[in-house]
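Each value in this text was obtained by applying a stated rule to the coordinates, not by laboratory testing. It should be emphasised that the depicted structure is a prediction, and the values quoted were computed from it without experimental measurement. Positions of Cβ are backbone-derived with ideal geometry, glycine not excepted, and every protein chain shown enters the neighbour counts.
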Amino acid sequence: MINLPQRPRRNRKNQAIRNLVKENEVMVGDLILPLFLIDGKNKKTQINSMPGIYRLSKDLMLKEIESCLKLGITTFDIFPNINDQLKDKKATESLNKKGLYLSSLKEIKKQFPEAVIMTDVAMDPYSSDGHDGLVKNGEVLNDETLDILSKMALAQAEAGADIIGPSDMMDGRVGVIRNTLDNHGYSNVSIMSYTAKYASAFYGPFREALQSTPKFGDKKTYQMNPANTREAVIEANLDVIEGADFLMVKPALSYLDIIKLLKDNFNLPIAAYNVSGEYSMVKAAAAKGWIDGDKIRDEILLSIKRAGASIILTYFAKEFALSKK
Ligand code: PBG
């Protein structure tokens, strides 16, 4: 026998000890479930690139939220799939109180006041250009977009949103939205800023879900360059000054270093968006029998939490919650 004073394996010798020394654990209450809303009744359409995830009409979404609440999922991030003929340059449909999104939000909140409803602020689901901002001569304009975004956020707050999620990456949007909400009596509505949102190929399946792929070009003049780290600190500093309540990093898995960086340098809660492409890759490989999808899911979520995100937006939320039952 070698005389070793430190034997780290002692702390791994059985499940009970491993539980005692466990540093991180993903809890159902840490998760936010993104949901895709479509027009119609009793409608559930498949998203080819996201097995197990569907676009749901309002009635079915109400049922889905009810069953998720029973599983301990408290928070839902709702995205609308808008009919093409309702899209225009200025995302006018985003302000239509009788339209799909705002009217459904209102009903969801009415039926489930205990559910935390998060909404998305960006022009892309409603934009005929498929961009997050207002396009003029092939350019995505910043300041002109802010006016539209703040009206959108206000309309969502009026419909009952608890957390506003600006995902557009325009400069100054958190401040403008905070001001608008406060000036209209919505100082209790939170802002989860997409602080460090990278121009990522991992959003592909989401754009299929919402049919929101940009009609030209890419999103590189507003979303961040995946090569950059320090720029995330600039964005986070601005979001803190402008009044964000949560800082989000997106995507999650290829950006664990950014999650850790923000966690170590900021005191606001850190969220991470485990995006559509990250979900799809697991599902595709699991369907082929190449990986154990359930174990990989749990390991991925744990890695995001370990990196420093206390909140995880993930399409795995429901199946994770079911696996805990
Ligand atoms: C749109 C938006 C996107 C996502 C959330 N909000 C896509 C994009 O920026 O093109 C991506 C989410 C995902 O991939 O799961 N502003």
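Normalised by the number of residues in the stretch 23-323, the average gap of Cα pairs under 8 Å and 6 or more apart makes the relative contact order 19 percent. Just check the stretch 45-138 against the gyration tensor rule for me: Cα atoms, a ≥ b ≥ c as the square roots of the eigenvalues, rounded for a/c under 1.5, and otherwise prolate or oblate depending on whether a/b exceeds b/c. Prolate. Note on N225 and D257: the extension gain reaches 10.1 nm, defined as 0.36 nm multiplied by sequence separation minus the Cα-Cα distance.
Angle of helix 276-287 to the longest C-alpha principal axis of the chain, folded into 0 to 90 degrees and rounded to 10: 50°. Helical runs (DSSP H, four residues minimum) scored at -39500 (n - 2.57) apiece and divided by the length of the chain put the mean residue ellipticity at 222 nm at -11500 deg cm²/dmol. May I ask for the angle, rounded to the nearest 10°, between helix 293-307 and the longest principal axis of the chain, with both axes built from Cα atoms and the value confined to 0 to 90°? The angle comes out at about 80 degrees. Applying 1/(1 + (r/R0)^6) with R0 = 45 Å to the Cβ-Cβ distance of E25 and M1 gives a FRET efficiency near 0.80.
Of all the options N137, N228, N48, the one that moves most in a Gaussian network model of the chain with Cα springs shorter than 10 angstrom is N137. Separation of the stretch 22-73 and the stretch 77-107, taken as the distance between their Cα centroids, equals 19 angstrom. Restricting attention to the stretch 97-149, which GluC sites (Glu not before Pro) occupy a DSSP loop and are surrounded by at most 15 other Cβ atoms within 10 Å? Taking the stretch 97-149 and a limit of 15 other Cβ atoms within 10 Å, the loop GluC sites (Glu not before Pro) found are E114. For L69, neighbours were defined as the other residues whose beta-carbon sits under 12 Å from its Cβ, and their charges (Lys and Arg +1, Asp and Glu -1) total 0. Restricting the GluC sites (Glu not before Pro) of the stretch 1-67 to loop positions (DSSP other than H, G, I, E, B) with no more than 15 neighbouring Cβ atoms within 10 Å leaves E23, E25. Given axes a ≥ b ≥ c from the Cα gyration tensor, I'd like to know whether the stretch 23-323 is rounded (a/c under 1.5), prolate (a/b larger than b/c) or oblate. It is rounded, given that a/c, with a ≥ b ≥ c, falls under 1.5. Of the beta bridges in the stretch 85-213, as assigned by DSSP with both residues counted there, near 30 percent are antiparallel.
Shown here for the stretch 52-107: trypsin sites (Lys or Arg not before Pro) in loop regions (DSSP other than H, G, I, E, B) with at most 10 other Cβ atoms within 10 Å, namely K98. Distance from the Cα centroid of the stretch 246-273 to that of the stretch 128-163 is 24 Å (rounded to whole angstrom). Can you tell me, using C-alpha contacts under 8 Å and at least 6 residues apart, the relative contact order of the stretch 101-238 as a whole percent? So the answer I get is 25 percent.
Using a Gaussian network model of the chain in which every pair of alpha carbons under 10 angstrom is joined by a spring, one finds that among A201, A272, A155 the greatest mean-square fluctuation is at A201. Label separation (D39 vs N265): 4.5 nm, computed from points 7 Å beyond Cα along the C-beta direction.
Computed from the C-beta positions of K98 and V240 and an R0 of 30 Å, the FRET efficiency is 0.25 to the nearest 0.05.
Only Cα pairs under 8 Å and 6+ residues apart enter the sum, and on that basis the relative contact order of the stretch 220-325 stands at 27 percent. When the Gaussian network model of the chain links Cα atoms closer than 10 Å, the mean-square fluctuations of M224, M281, M27 top out at M281. Most simply put, the stretch 23-323 has about 15% antiparallel DSSP beta bridges, counting only bridges with both residues inside it.
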